[in-house]
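Engineer: Take a look at the following structure, please.
Read-outs throughout are calculated quantities, based only on the coordinates presented, and are distinct from any laboratory measurement. Every value quoted in this text rests on a predicted model; they were computed, and no experiment measured them.
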Amino acid sequence: MKHPRKKSPAHLAYIRQLPCLVCGDNTSVQAAHVRYGNRVFAKRDTGMGEKPDDRWTVPLCGEHHREQHQMNEKAFWAKYEKAPLFFSLILWGATGDVEAGEQIIREAQ
């Protein structure tokens, strides 16, 4: 069942100001939505043609964002040993504070 998507243009703009969660590059960063669900994070799976709420986003450079879409999403995150749901919630809590967001990403590297 589709649910109305909760949008936050301000949060997406904040995410785009941060370095890539995977490689740390800070050029052409995109807000990448994490589609898979996990009950521990109270995140449901997102259906086909449906984006998750904007709080479930992490910063990815264009190259890694394309790769995320080209392969199984869980395999993508396992390949880089990142926990995107964890980081999306931490960044959601820090939204608007670019310095804090940059520190969070640096510590994830």
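Engineer: Across the chain, how many lysine pairs, 8 or more positions apart or on different chains, have C-alpha atoms separated by under 26 Å? Please give the number.
Structural biologist: Step by step, the pairs that qualify in the chain add up to 19.
Engineer: Same structure again: How big is Rg to Rh over the chain, alpha-carbon atoms, Rh as the Kirkwood inverse-mean-distance radius?
Structural biologist: Rounded to two decimals, Rg over Rh is 0.93.
Engineer: Next question, about the same structure. Identify which of G62, G93, G24 has the largest mean-square fluctuation in a Gaussian network model of the chain, with springs joining Cα atoms closer than 10 Å.
Structural biologist: Comparing G62, G93, G24 in the GNM, the peak value goes to G93.
Engineer: Would you calculate a helix-derived [θ] at 222 nm for the chain, using -39,500 (n - 2.57) for each DSSP H run of n ≥ 4 and dividing by the full residue count, to the nearest 500?
Structural biologist: Here the helix-only value at 222 nm equals -11500 deg cm²/dmol.
Engineer: While we're here: So who's got an amide H within less than 5 Å of the one on Q30, skipping anything under 5 residues away but keeping other chains? H placed 1.01 Å off N, in plane.
Structural biologist: L60, C61, G62
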